[in-house]
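The values are calculated or read from the model by the stated rules, or taken from the named source; none is laboratory data. What you see is a predicted model; the values in this text were computed from it and never measured. Reconstructed Cβ throughout: ideal geometry from the backbone, glycine too, with neighbour counts over all protein chains shown. All accessible areas refer to the heavy atoms of the entire protein, side chains included, with ligands and DNA or RNA removed. Shrake-Rupley method; radii C 1.70, N 1.55, O 1.52, S 1.80 Å.
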Amino acid sequence: MWPFKRKIERRSSASGFTAEIIAARESYISGRRGIGELTATSQSCISLWENGFGLAAVKGTDLLNRRSLALLGRSLALRGESLFKITDAGLVPCSDWDLRTRGGRPVAYRVSISEAGGGTTETLLAGEVLHLRIGADPAAPWLGTAPLRRASLTAGLLQAVESSLAEVFENAPLGSQVVPMPEQPEVDNTSLARSFRGQRGRVLLRESVIVSAAGGPAPAVDWRPSSLSPDLANSMTAETLAAARNAIAGAFGVLPALFDSAAQGPLVREAQRHLAQWTLQPLAELLAEEASDKLGSTVSIDVMTPLQAFDAGGSARAFTTLIQGLAQAKEAGLDPGAIAGALGKLDWSNGDA
């Protein structure tokens, strides 16, 4: 009967296999170490990218809706690249992919699309997907790198400082005091030291039996309390934490002064303009170029105007000055149109102005 034995198909269990796959792809999805993304500083910068792209004004296509742009912004901040499948119903985000290149340019993709009941895998040509990547290396121009991967040392420093502070405030006996007791055995001292963990704001008194040689009372120095709170000031914890936070914000293209508690309105507006001009708008231009090549129409994406990332006060003052100048010219008997025409003919590059 052995030739007719039914072949048994073996499959991996969903729990173990899925957990292994998630663990294997975690470093690729969330960064090199997957720790810097857990800090509030990184999440604040990622939210600025996500919301900035979500407000972008798109012309030339209806596929780039706000939901897709927000997903793209978050994926770029976390992974350094984002890939969408182009369909008639809209863009479908791909959770994972690998590709084949020719001449350093992708020509085919094998993408994984997440579904509620289980993901699907498809093979697509390069013209059927939108693939945006940032921070590409000349050795691998088809791969993008996230800002935190490019600044992994700083991300590790920020994570180490915040983790250390969390452990200190969780386990250290903050505000507790104790008097020395040198006459106790080492075992008792060890047990007492363990009992200090997590004790907060308590004064621990221990009776001492040490007396002087003449049989007098215990020396006064034996009762002087000692604080158990860790000395965080001399370890420069605050300065190190602030420097790490500022460096992470700078890696995302956000001015560190935006997160300063003493930041005023002009500084906040300047930080917003800096983020939009030097970080989001160049990425939007890359996306517009990719979309124009793949969608067959000229696509333009504007981040500056929806975010109001322009000097509104300076523009208003310049316009007011121009109006006043034209009014004064008219009162002096000069033709405002001729003046405007003469100003337009000046060569501003050689100092005629």
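Would you mind telling me which numbered condition in (1) under 22 Å from GLU289 (Cα atoms); (2) over 22 Å from the mean Cα position of the chain (by Cα); (3) open to solvent by 60 Å² or more (accessible area, probe 1.4 Å); (4) in contact (Cβ under 8 Å) with a residue 12 or more places away in the chain THR123 fails?
Here THR123 clears every test but (1).
Let me spell it out: the conditions are (1) modelled with pLDDT under 85; (2) out of contact with any Gly (no Cβ under 8 Å at 6 or more places or on another chain); (3) charged (D, E, K, R), and GLU162 meets all of them except one. Which number is the exception?
(1)
With (1) exposed (fewer than 15 other Cβ atoms within 10 Å of the Cβ); (2) touching a helix residue (DSSP H, G or I) at 6+ places or on another chain (Cβ under 8 Å); (3) modelled with pLDDT of 70 or more; (4) farther than 30 Å from TYR109 by Cβ as the list, and GLY135 as the residue in question, which single condition is left unmet?
Against the list (1) exposed (fewer than 15 other Cβ atoms within 10 Å of the Cβ); (2) touching a helix residue (DSSP H, G or I) at 6+ places or on another chain (Cβ under 8 Å); (3) modelled with pLDDT of 70 or more; (4) farther than 30 Å from TYR109 by Cβ, GLY135 comes up short only on (4).
Which one of the conditions (1) surrounded by 16 or more Cβ atoms within 10 Å (Cβ to Cβ); (2) over 18 Å from the mean Cα position of the chain (by Cα) does GLN328 fail to meet, given that it meets all the rest?
Going through the list (1) surrounded by 16 or more Cβ atoms within 10 Å (Cβ to Cβ); (2) over 18 Å from the mean Cα position of the chain (by Cα), GLN328 breaks only (1).
Looking only at the range 79-96, which residues are under 24 Å from GLY296 (Cα atoms) and not polar (S, T, N, Q)?
Residues satisfying the conditions are GLU81, LEU83, PHE84, LYS85, ILE86, ASP88, ALA89, GLY90, LEU91, VAL92, PRO93, CYS94.
For the range 233-257, give me the residue count where each residue is within 18 Å of LEU267 (Cα to Cα) and outside any helix (DSSP H, G or I).
Summing the residues that are within 18 Å of LEU267 (Cα to Cα) and outside any helix (DSSP H, G or I) in the range 233-257 gives 4.
Determine, yes or no, whether VAL161 is farther than 23 Å from GLY36 by Cα, surrounded by 18 or more Cβ atoms within 10 Å (Cβ to Cβ) and not charged (D, E, K, R).
no
Scan the range 75-113 residue by residue and report those that are surrounded by fewer than 19 Cβ atoms within 10 Å (Cβ to Cβ) and of a type in the set (S, T, N, Q).
Within the range 75-113, THR87, SER95, THR101, SER112 qualify.
Restricting attention to the range 284-309, which residues are out of contact with any Phe, Trp or Tyr (no Cβ under 8 Å at 6 or more places or on another chain) and closer than 17 Å to GLY52 by Cα?
Scanning the range 284-309 gives GLU285, LEU286, LEU287, ALA288, SER300, ILE301, ASP302, THR305, PRO306, LEU307, GLN308, ALA309.
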